[in-house]
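I have placed the structure first, in the form of structure tokens, so that the comments after it can refer back to it.
The values are calculated or read from the model by the stated rules, or taken from the named source; none is laboratory data. Treat the numbers as computed from the prediction; the structure is a model and nothing was measured. As a convention, Cβ positions derive from the backbone with ideal geometry for all residues, glycine included, and neighbour counts pool all protein chains shown.
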Amino acid sequence: MLPFARRGAARLAPLGRALSTKPAKKAPPHPYESFLSGGSTNYIDEMYQSWRANPEAVHRSWQVYFREAEAGGPNPFVPPPTLHAGQPLAAAVDTTMLMPITNDAISGHSETMKVVQLVRAFQHRGHNIANLDPLGVYDADLDGSIPQELDLANYGWTAADMEKEFDIGAFMASGFMSSDRPKLKLGKLIERLQQTYAGSIGVEYMHLADREQLNWIRDHLETPEPHVFPKDEKLRILDRLTWGDHFESFLANKFSAVKRFGVEGGESLIPGMKAMIDTATDLGVEAIVMGMPHRGRLSVLANVVRKPFESIFGEFQGKFGQENDWSGTGDVKYHLGMSYTRPTLNGKSIHLALVANPSHLEAVNPVVEGKTRAKQHFTGDTDRSRTMSILLHGDAAFSGQGVVFETMGLSDLHHYTTGGTIHIVVNNQIGFTTDPRSSRSSPYCTDVAKAISAPVFHVNGDDVEAVCFVTNLAAKWRQTFHKDVVVDIVCYRRHGHNEIDQPMFTQPLMYKAIAKQPTTWHTYCQKLIAEGTVTQEQVDRLSQSVIDEFTAKLELSKTHHPKKSEWLSSSWSGMHTPNIFSPVQDTGVSLDELRRIGKVISTIPLPVSQPHRKIKEIYEQRAKMVATGENLDWAMAEQLAFGSLLSENIHVRISGQDVERGTFSHRHAVVHDQVSGEKVMPLSMIGSDQAAFMACNSSLSEFAVLGFELGYSLESPNQLVVWEAQFGDFANTAQCIIDQFIASGEQKWVRQSGLVLLLPHGYDGQGPEHSSARLERFLQMSDDDPDVFPPMEHDTRRQIQEGNWQICNVTTPANYFHLLRRQTHRDFRKPLIVMSPKNLLRHRQCTSQLADFGTGTRFKRMIPDDGSGLVSDPSKVRKIVLCAGKVYYELLQERERRAKEAGGDTGGSDVAISRIEQLSPFPFDKVLAEAVKYPAAKIVWCQEEPKNAGAWAYVQPRIETALRKTSGQRATYAGRGPAAAVSTGYKDVHDREQTRLIADALS
């Protein structure tokens, strides 16, 4: 009899009988044909010739290889991945696959070669027949057939063969039968293979290209004895499982009509996560940042992160916010985050932070990675061994949401790696109501992880000890190789999508099986009782003590007030909430300091001695700007803002596609030597005690990269974090991060962020795709009231503090300089959305003087007409044109042209042009001041966007609210008409439209 399990079927299969009535999977093409036909590489040919001359001249593994090859046997050699370096990755990985086995092929082969093939078959394909589904009715890989190389009937062995001993160490660098391990009888070997690769654990790792990693996994899986936990560890697992199981049942009993998205059916997650954290802490981890969906979140908060039970019970009773503090709108309890430092078994402490997130599945993934990276930066964790991230996923979301792949794509990039993430999939084998066969095209929900060569450990969720084993192994892998790893806990969802849903509507067979399935806790208790680890009395005593604790905490929850520390994931000392006034501050810098910084950042240092000619000219022009103090352009203003912040020990990070150079070739923060390829960042050379500057060219992702930068910005207020879109409308594919996190994160989760979004915006006749950053969308999400004129006095104004973010479309380099510096020079943080320019980057009129950056200066929310081109009597001004962005310069040029035609100079116009630099929160006071200054003037809003886009819908009611304090007039509109597309695709049509809207505004 062969001891061989098959997905919950009988453990013993009769010799020679197929293990399933289903057809065997079709064998792949033989990957070793090139070797057998003489197509091997030169060095193999050379070794073959050496062997022919003297068999002892080569290693004994090659002796067997050549002897078997000459005898017509299969090729036992497994070449390293680098052997096919010129081929695609898939081809390199395939070199470790087995020769397909058929009855004809086996005849004449040596017994040793068949054993080698069997071992390799289990290493490759054992997961396909592993006993993974607790219900015993599903196939985790969506295919119930047996891979041909795992069908023992094909090997031709008899019962007598089971007693034969084999030594295949020459072919095994690690694992069961490597040269340092004893021989095994065939029957025992098959039993061990089944236990390791086809029991409760199925491992996918043979796709890894690194031989050291392959051998590491084999060494940890193929141990001399089966994995057995000592008694004290089993008792610890039971204790943790009891808390997880009883927490859900207690909530179900006390709050039966409330959705909680419990983890029933996957309770082994709790002891598995705690075991993983213990192991990680033993290996040097001091902080863990976590992200997860709603399912099981409350149990993880309570039992892993240790959010007080009384706080959770209080939330079920509708208690709101934190004591004596502004708490915004709040969110449902299964979206909230938590931060806590707790002791571990080894006497150390671990800081755990669970990041708050919305129901948009997997959207939190890059946020967690960014926060982890920032924590590593601020703690000096350069080898990424002390801070790590854990991401939990659902099976349908892991395979269905593109941000999973985008985030994994960041895992090994220089500016984004966090040194490996542990992914845990709570695999319920169903989506909301969708069967896996309708929700993915890949065999496993985890197959996306193979794109980054992450090993995948599938495990039966009802085998809690197996779950703890693989979670421990995942922690060891991460700390050893600093690479991603996936643990796929194959379980089930005892209730529907939520506790009041009816799953029998769509999955009757699955839920009939679930109804008969004992809980994981009950199964484990019976196992421990049967083996004598515990008694029934001990189990009952433990169970009652846990219930008593919950009951006491429920009573305490009636008077409990959550602490602020329970909500905040970082200690933002000194940062004010919206109800605490923060005064407006100057953001100017002394001219001497600006000149010092300017000299450094306009000098190209060694080792770059031969920069590109155009770059050299740009840097020479910047040096001239600083020396003369005149005509500083946009890029220079940005460099001075960054440089001055860095010298104040404020960390600066700008990220996005092509940010080193800038999409429009204006930034050139990194300079490349045209001969040597060396590169330098002058902003990193401000001074010996400066903060770190990072210019991070990103992958071609918006969703994941913007989420990453948001997470980065959440860690500390002492930094300026900037994400620049290649074009403003590229933010469309990151809209989930913008809507769910950036626009509303503070109100929902009490999380401040000073993240800056630079979104290139402006109509240049380049077509509808890259003209608009969709300004209207951001303004629509602004929460300032259009009908209320708020307090605007300098010492009481809290507009920005009370708003959700700031939206600006600035028109001068100096104002941009102050806008960036303002982000870090106040006692609170708000996201900043900037409609950044394109053609203004080099516009001859879009310059500033160095004095505009100096001490005593600050950001201007609105720049009124300076009067230089107007009639001398303000009462004679007939119109005030309000605008934002580059259209100002086109209005100004047309006004000057008309004035020249009328009087021969640029003076005497009766139309004032004023720029609203900060659209949101709206500068009610500044607009009112303009209306008072020009009492006879009509107000018109001019924009280049279509009427149903741009700022018009936002500014119209706010202008009228401001004017109610004076004339009470209504604003009129000058601009393009409504349109579905943001702009025309024809340059001549664009020019005619632009000419018309400018004329309408000024006429």
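Worth pointing out:
- Residue list for the stretch 243-270, filter: within 20 Å of VAL490 (Cα to Cα) and either free of Cβ contacts under 8 Å to residues at least 12 places away in the same chain or of a type in the set (S, T, N, Q) (or both): SER268
- Filter pass, LEU892 being part of a helix (DSSP H, G or I) and either surrounded by fewer than 18 Cβ atoms within 10 Å (Cβ to Cβ) or not hydroxyl-bearing (Ser, Thr, Tyr) (or both): yes
- Picking from residues in the stretch 143-168 that are of a type outside the set (Val, Ile, Thr) and within 29 Å of PRO436 (Cα to Cα), the one that is surrounded by the fewest Cβ atoms within 10 Å (Cβ to Cβ) is ASP143.
- The set of residues in the stretch 233-251 that are crowded, with 20+ Cβ neighbours inside 10 Å and among the acidic types (Asp, Glu) comprises ASP245, GLU248.
- Subset tally (residues that are surrounded by 23 or more Cβ atoms within 10 Å (Cβ to Cβ), in contact with a His (Cβ under 9 Å, 6 or more places away or on another chain) and among the aromatic types (Phe, Trp, Tyr)) for the stretch 608-654: 1
- Of the residues making up the stretch 338-349, just one is in contact with a Phe, Trp or Tyr (Cβ under 9 Å, 6 or more places away or on another chain) and of a type in the set (A, V, I, L, M, F, W, C), namely MET338.
- Residue match in the stretch 655-662 (condition: over 20 Å from GLU709 (Cβ atoms) and either modelled with pLDDT under 95 or in contact with a Phe, Trp or Tyr (Cβ under 6 Å, 6 or more places away or on another chain) (or both)): no
- Selection of first residues in the stretch 372-393 that are in the same structural domain as PRO293 (by TED's automatic domain parsing) and over 12 Å from LEU352 (Cβ atoms) and of second residues that are surrounded by fewer than 24 Cβ atoms within 10 Å (Cβ to Cβ) and of a type in the set (Lys, Arg), restricted to Cβ pairs under 6 Å at least 6 apart or on distinct chains, gives the following pairs, ordered by first then second residue: GLN376/ARG384.
- Single residue of the stretch 354-393 satisfying the filter (closer than 18 Å to TRP749 by Cα and among the charged types (D, E, K, R)) that is surrounded by the fewest Cβ atoms within 10 Å (Cβ to Cβ): GLU362
- Segments classed as helices (runs of 4 or more DSSP H), wholly inside the stretch 730-806, with at least 1 members that are closer than 28 Å to ARG964 by Cβ and modelled with pLDDT of 95 or more: 775-780
- Any chance SER299 is closer than 21 Å to GLU555 by Cα, modelled with pLDDT of 90 or more and either small (Gly, Ala, Ser) or in a strand (DSSP E or B) (or both): yes
- Reported count of residues in the stretch 120-166, each being part of a loop (DSSP other than H, G, I, E, B), among the small types (Gly, Ala, Ser) and in contact with a helix residue (DSSP H, G or I) (Cβ under 9 Å, 6 or more places away or on another chain), is 5.
- Among the residues of the stretch 35-59, those identified as loosely packed, with under 11 Cβ neighbours inside 10 Å and modelled with pLDDT of 80 or more are ALA53, ASN54, GLU56.
- Conditions (1) surrounded by fewer than 12 Cβ atoms within 10 Å (Cβ to Cβ); (2) modelled with pLDDT under 80; (3) not hydrophobic (A, V, I, L, M, F, W, C); number of the one not met by LYS563: (1)
- Of the residues making up the stretch 483-506, none is modelled with pLDDT of 95 or more, of a type in the set (Phe, Trp, Tyr) and out of contact with any Lys or Arg (no Cβ under 9 Å at 6 or more places or on another chain).
- Hits in the stretch 507-529 (condition: under 28 Å from PRO436 (Cα atoms), among the hydrophobic types (A, V, I, L, M, F, W, C) and at pLDDT 95 or above): TRP521
- Residues in the stretch 629-674 that are free of Cβ contacts under 8 Å to residues at least 60 places away in the same chain and part of a helix (DSSP H, G or I): GLN639, GLY643, LEU646, SER647.
- The stretch 430-470, subset under 25 Å from the mean Cα position of the chain (by Cα), hydroxyl-bearing (Ser, Thr, Tyr) and closer than 30 Å to PRO503 by Cα, residue surrounded by the most Cβ atoms within 10 Å (Cβ to Cβ): TYR444
- All positions within the stretch 983-1003 that are in contact with a strand residue (DSSP E or B) (Cβ under 7 Å, 6 or more places away or on another chain) and among the hydrophobic types (A, V, I, L, M, F, W, C): LEU997, ALA1001, LEU1002
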